[in-house]
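The values are calculated or read from the model by the stated rules, or taken from the named source; none is laboratory data. For clarity, every value in this text was computed on a predicted model and none was experimentally measured. Every residue, glycine among them, receives a Cβ derived from its backbone with ideal geometry; neighbour counts consider all protein chains shown. Just the protein is used for accessible areas: all its heavy atoms, side chains included, with ligands, DNA and RNA removed. Shrake-Rupley method; radii C 1.70, N 1.55, O 1.52, S 1.80 Å.
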Amino acid sequence: MEVFNNIFAINHRCSSFFLGLLLLLASALSLANAKSHYHDFVIQATPVKRLCKTQNSITVNGMFPGPTLEVNNGDTLVVNVVNKARYNVTIHWHGVRQMRTGWADGPEFVTQCPIRPGGSYTYRFTIQGQEGTLWWHAHSSWLRATVYGALIIHPKEGSSYPFSKQPKRETAILLGEWWNANPIDVVRESARTGGTPNISDAYTINGQPGDLYNCSSQDTVSVPIDSGETNLLRVVNSALNQPLFFTVANHKLTVVGADASYVKPFTTSVLMLGPGQTTDVLISGDQNPSRYYMAARAYQSAQNAPFDNTTTTAILEYKSSPCAAKNCSSNKPIMPPLPTFNDTATVTAFTSSFKSTDKTFVPTDIDESLFFTVGLGLNPCPPNFNKSSQCQGPNGTRFTASMNNVSFVLPSNFSLLQAHHQRIQGVFTTDFPANPPRKFDYTGNVSRSLFTPVPGTKLYRLKYGSRVQIVLQDTSIVTSENHPIHLHGYDFYIIAQGFGNYNPRTDPSKFNLVDPPLRNTVAVPVNGWAVIRFVADNPGVWLMHCHLDVHITWGLATAFLVENGVGELQSIESPPEDLPLC
């Protein structure tokens, strides 16, 4: 018996050794297959003609939209950005986790000072554990109106998509907004008047407005498909200020991913994406060979607020369609029905369909339970301002916005991450409130005394590894609205959403702790709430903000300061030598 035990122990040690060796080899092979991709981004003014008018728009490499970047999970991106435009600029890699590489995240005055005209900066980061569709965009003022592009993350080399049918072809669908004006002038005029900025003149698909706008039909985007094919559409809402519905005439869309995470497939006829969100869908060539419109229009939840009520189109064109060869314009594509602009019921049905495919690791024992109100506000007209020209908000006020009654103010002499890393005093405080300073009926008739937030550069400090839950509560101050809230540096689980005021006694019974979707941007329902959870495993300073750019301009943001953990692998890397100076 003793001999048998000794043999068993030896065999067990050998098995463990060989298993460890196999794992080591697998890891080494995975690293060996990973590649580094080098790109140059030149930020420059480029003549762009849309809606019968040519204007100098800020672009990357003269392209609008900018170049699509394609990588595999595990690859490294090295992007050298040279600023030849007349504005400060930064580039944000929306949804990339940036593990320990916060210096490459990109939001101006948060993780870096801007790249000044004539300057340059090289962003270096590795994609870790993410597959699907993300995107990149400028994160300075309103430059992202034209400075944006897709970031496509394929599975690791040798792997395939976890879909029952592998797509024959893939197409990025970038939804955008277009102004017949310089977007920087639009936001500056809004800052001067204190009122709302002018709405856009068109929506776009891959930079083109489509057939329903003046001077646009000739350049309408065409997306090919063939009978019997299954193709992958990677849809991104890169619009500046507008959640958008998207649909394709006579075709069902099977949702398979969102924000670079796979989801349990579900079929729908319409998508709704808040600015910043991405959705991957499979589409089958199962209709008569013809031409079908893809269309996008506004989802507008804020009552009585002006919005661009136009519709952008592209064309899904069967290669065997009689018009495909002749390029005939007489065969008008089939137009799909779209939801009405305020169809919140359709939005709710769509967003509640998302479930994770992979085994989830939702934090259950919570260390930080936070409650953040999100919404608009009004500042009284300062005594030295001209009320008629500088206070054009309701009743002679100026628009503002806040989280937990704090209207976020960016620094201008240092970035927040630089100030934290170098222990520079006086740039920010870490007293952002964990709960609203005053409890009130958030979605009811709110007292005017609560309309004016306090300006400040207040961060919330998190210990490395802490398990965080945040209730995001919309308010009806000025007006309630669907707010796409984006957290930099993290994915999070959306464990519940609902309408009205969040009830801490009854609403936890609605929590999905089994297969909640993993996202980087959550659309907080109009007059409602959302609950998210994540583990603070990425040290640095991470912005959380509304992705309606008009709202972040007004201060609807905060930031988390996540402390270093123990040792090098739980600490942020040192800043790069070429980090821009303020």
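Considering only residues that are open to solvent by 10 Å² or more (accessible area, probe 1.4 Å) and within 14 Å of GLY276 (Cα to Cα), which ones fall in region 108-145?
HIS139
If you take the residues of region 97-145 that are outside any loop (DSSP other than H, G, I, E, B) and of a type in the set (Ser, Thr, Tyr), which of them is nearest to PRO517 (Cα to Cα)?
Filtering region 97-145 for residues that are outside any loop (DSSP other than H, G, I, E, B) and of a type in the set (Ser, Thr, Tyr), the one nearest to PRO517 (Cα to Cα) comes out as THR133.
Test each condition in (1) outside any strand (DSSP E or B); (2) under 22 Å from the mean Cα position of the chain (by Cα); (3) in contact (Cβ under 8 Å) with a residue 60 or more places away in the chain for ASP365 and report the one that comes out false.
Condition not satisfied by ASP365: (2).
Find the strands (runs of 3 or more DSSP E) located wholly in region 391-477 whose residues include 1 or more that are β-branched (Val, Ile, Thr), within 21 Å of SER301 (Cα to Cα) and within 24 Å of the chain's Cα centre (by Cα), and list them.
397-403, 467-474
Could you please find all residues in region 281-307 being part of a strand (DSSP E or B) and either hydroxyl-bearing (Ser, Thr, Tyr) or open to solvent by less than 10 Å² (accessible area, probe 1.4 Å) (or both)?
VAL281, ILE283, SER284, TYR292, TYR293, MET294, ALA295, ALA296, ALA298
Could you look through region 230-268, keep only residues that are aliphatic (A, V, I, L, M) and not in a strand (DSSP E or B), and pick out the one that is farthest from the chain's Cα centre (by Cα)? Reasoning before the result, please.
Of the residues in region 230-268, the ones aliphatic (A, V, I, L, M) are 232-233, 235-236, 239-240, 244, 248-249, 253, 255-256, 258, 260, 263.
Cutting the leftovers down to not in a strand (DSSP E or B) gives us 239-240, 249, 260.
Values: ALA239: 10, LEU240: 11, ALA249: 26, ALA260: 11 Å.
Only one residue fits best here, namely ALA249.
State whether one or more residues within region 129-140 are at pLDDT below 95 and of a type in the set (Asp, Glu).
Looking for residues that are at pLDDT below 95 and of a type in the set (Asp, Glu), one finds none in region 129-140, hence no.
In region 44-87, which residues are of a type in the set (Val, Ile, Thr) and outside any strand (DSSP E or B)?
Answer for region 44-87, where residues must be of a type in the set (Val, Ile, Thr) and outside any strand (DSSP E or B): just THR68.
Taking only pairs six or more apart or across chains, which ones have beta-carbon atoms under 7 Å, a first residue in region 345-361 that is modelled with pLDDT of 95 or more, and a second residue that is surrounded by fewer than 18 Cβ atoms within 10 Å (Cβ to Cβ) and aromatic (Phe, Trp, Tyr)?
Qualifying pairs under 7 Å: SER353/PHE266.
Of all residues in region 61-99, which are among the basic types (Lys, Arg) and crowded, with 19+ Cβ neighbours inside 10 Å?
Result: ARG97, single match.
Find the residue count for region 335-382, including only residues that are within 30 Å of GLU317 (Cβ to Cβ) and open to solvent by 50 Å² or more (accessible area, probe 1.4 Å).
5
Which one of the conditions (1) within 25 Å of the chain's Cα centre (by Cα); (2) open to solvent by 30 Å² or more (accessible area, probe 1.4 Å) does GLU481 fail to meet, given that it meets all the rest?
Condition (2) is where GLU481 drops out.
Go through the residues of region 405-416 one by one and say whether even a single one is open to solvent by 40 Å² or more (accessible area, probe 1.4 Å), β-branched (Val, Ile, Thr) and in contact with a strand residue (DSSP E or B) (Cβ under 9 Å, 6 or more places away or on another chain). So that I can check it myself, show each step before the final result.
Going through region 405-416, the residues open to solvent by 40 Å² or more (accessible area, probe 1.4 Å) turn out to be 405, 409-410, 412-414.
Within this subset, residues satisfying the condition of being β-branched (Val, Ile, Thr) are 409.
Those still in the list that are in contact with a strand residue (DSSP E or B) (Cβ under 9 Å, 6 or more places away or on another chain) too: 409.
Yes, the conditions are met somewhere in region 405-416.
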